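Here's the structure, in structure tokens; my notes come after.
The values are calculated or read from the model by the stated rules, or taken from the named source; none is laboratory data. This structure is a prediction, so every number in the text was calculated from the model and none was measured. Cβ atoms come from the backbone with ideal geometry, glycine included; neighbour counts cover every protein chain shown.
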Amino acid sequence: MHGIGNDFVVVDCRERALGLDAAAIARLGNRHTGVGFDQLLTIEPPRDPTCAYRYGIYNRDGSEAGQCGNGVRCVAAWLARAGALGAGLTRLESPSGPVAVELVGEARVRVDMGVPNFEPEAIPLRSPAADAYERTLDGRAVRFGAVSMGNPHAVIEVADVASAPVADIGPALETHSDFPQRCNVGFVQIVSARELRLRVWERGVGETQACGSGACAAAVVLMRRGLADADVDVHLPGGTLRISWAGPGQPVWMTGPAAFVFDGDYYR
Ligand SMILES: N[C@@H](CCC[C@H](N)C(=O)O)C(=O)O
């Protein structure tokens, strides 16, 4: 499946656990000798009894993630196709806590992505709390905002996203020692208060066509600084997401598509 080009292998683990370790997941994620994906998603029975299902998220390098915005829309669409999603909002359990999903069209999903957390310990980021942080990378001073959307994000404002140094600054900030669990790095251009352009260097993957939690992170970092309206369209290389946030203490809402590509069997 994919969500605006962020692609997934989705495994039905409702009755049987995945049973693959990190190395086996990374082999499956290899685009030449495996199947290939940005993330592998598992659909499992919930541990939290208030949720209908749980989903697991594994990056292409085999590492686990706490949230995946494009992935949760695909999970919702997959459950709907399996006849396992009711009407209205359904609570799903992500590794970082509950979210709520709702089908709003044939192939569109609206998601309550939870309340963004700007506290450095929650991200986690080794630093006193600030609206903007600065670190020197490759001899360059880089300013960024940081937030947890259930997974760690750094957000760098740029004048032109097309020429942003995604492949240089992305991995350097992802692996900076002040992010003890690494981080996803977004490069965001403000087109207007209602429109943003974004490219994301994802932890454990590299640059992807789109990152849903990254779109939420970029939007709330700019909204908090008064640089974006409460509803924005975030344009990523693979497509556009609508992100809405009413402000501190409120959840972030994300709306966007989810697409099926093929069903298959994998021979280990
Ligand atoms: N593509 C995702 C984010 C997946 C996890 C991320 N790489 C991490 O390690 O936190 C999205 O759409 O949010």
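Taking the condition of being touching a residue at least 40 places away in the same chain (Cβ under 8 Å) and either hydroxyl-bearing (Ser, Thr, Tyr) or surrounded by fewer than 20 Cβ atoms within 10 Å (Cβ to Cβ) (or both), how many residues in the stretch 236-253 meet it? Walk me through it before giving the result.
Pass one, the stretch 236-253, residues touching a residue at least 40 places away in the same chain (Cβ under 8 Å): 236-241, 245, 249-253.
When the remaining residues are screened for being either hydroxyl-bearing (Ser, Thr, Tyr) or surrounded by fewer than 20 Cβ atoms within 10 Å (Cβ to Cβ) (or both), the result is 237-240, 249-251, 253.
Looking only at that region, the number is 8.
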Quick one: is residue 193 more than 8 Å from the ligand (Cβ to nearest atom) and closer than 16 Å to residue 133 by Cα?
no
Return the residue satisfying two criteria in turn: it lies in the stretch 21-42 and is out of contact with any Phe, Trp or Tyr (no Cβ under 6 Å at 6 or more places or on another chain) and crowded, with 19+ Cβ neighbours inside 10 Å, and of such residues it is farthest from residue 204 (Cα to Cα).
42
Enumeration of residues in the stretch 131-152 that are over 20 Å from residue 164 (Cα atoms) and at pLDDT below 95:
131
Boolean, residue 71 is in contact with a Pro (Cβ under 7 Å, 6 or more places away or on another chain) and within 13 Å of the ligand (Cβ to nearest atom):
no
Quick one: which of 142, 115, 109 is buried (at least 23 other Cβ atoms within 10 Å of the Cβ) and either on the phi < 0 side of the Ramachandran plot or assigned by TED's automatic domain parsing to the domain that holds residue 222 (or both)?
109
Go over the candidates 158, 200, 166 one by one and state the one that is in contact with a helix residue (DSSP H, G or I) (Cβ under 7 Å, 6 or more places away or on another chain) and either outside the structural domain of residue 87 (by TED's automatic domain parsing) or without any contact (Cβ under 8 Å) to a residue 12 or more places away in the chain (or both).
200
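Each row is one residue, and each column tells you yes or no for (1) closer than 19 Å to residue 231 by Cα; (2) out of contact with any strand residue (DSSP E or B) (no Cβ under 7 Å at 6 or more places or on another chain).
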position: 126; (1), (2): no, yes
position: 138; (1), (2): no, yes
position: 154; (1), (2): no, no
position: 158; (1), (2): no, no
position: 161; (1), (2): no, no
position: 164; (1), (2): no, no
position: 168; (1), (2): no, yes
position: 173; (1), (2): no, no
position: 189; (1), (2): yes, no
Hand me the list of strands (runs of 3 or more DSSP E) wholly inside the stretch 1-110 holding 1 or more residues that are in contact with a helix residue (DSSP H, G or I) (Cβ under 6 Å, 6 or more places away or on another chain) and not charged (D, E, K, R).
6-12, 39-44, 53-59, 97-103
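Taking the stretch 215-226 as the search range and keeping residues that are over 16 Å from the mean Cα position of the chain (by Cα) and free of Cβ contacts under 8 Å to residues at least 40 places away in the same chain, which one is surrounded by the most Cβ atoms within 10 Å (Cβ to Cβ)?
Filtering the stretch 215-226 down to residues over 16 Å from the mean Cα position of the chain (by Cα) leaves 222-226.
Narrowing further to those that are free of Cβ contacts under 8 Å to residues at least 40 places away in the same chain: 223, 226.
Numbers: 223: 22, 226: 8.
Filtering the stretch 215-226 for residues that are over 16 Å from the mean Cα position of the chain (by Cα) and free of Cβ contacts under 8 Å to residues at least 40 places away in the same chain, the one surrounded by the most Cβ atoms within 10 Å (Cβ to Cβ) comes out as 223.
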If residue 182 satisfies all but one of (1) touching a helix residue (DSSP H, G or I) at 6+ places or on another chain (Cβ under 7 Å); (2) exposed (fewer than 14 other Cβ atoms within 10 Å of the Cβ); (3) on the phi > 0 side of the Ramachandran plot, what's the number of the condition it fails?
(2)
Selection from the stretch 203-216 of residues within 7 Å of the ligand (Cβ to nearest atom) and under 19 Å from residue 258 (Cα atoms) yields 208, 210, 211, 212, 213, 214
Condition first: over 19 Å from residue 262 (Cβ atoms) and touching a residue at least 40 places away in the same chain (Cβ under 8 Å). Can you find one or more residues in the stretch 25-44 that meet it?
no
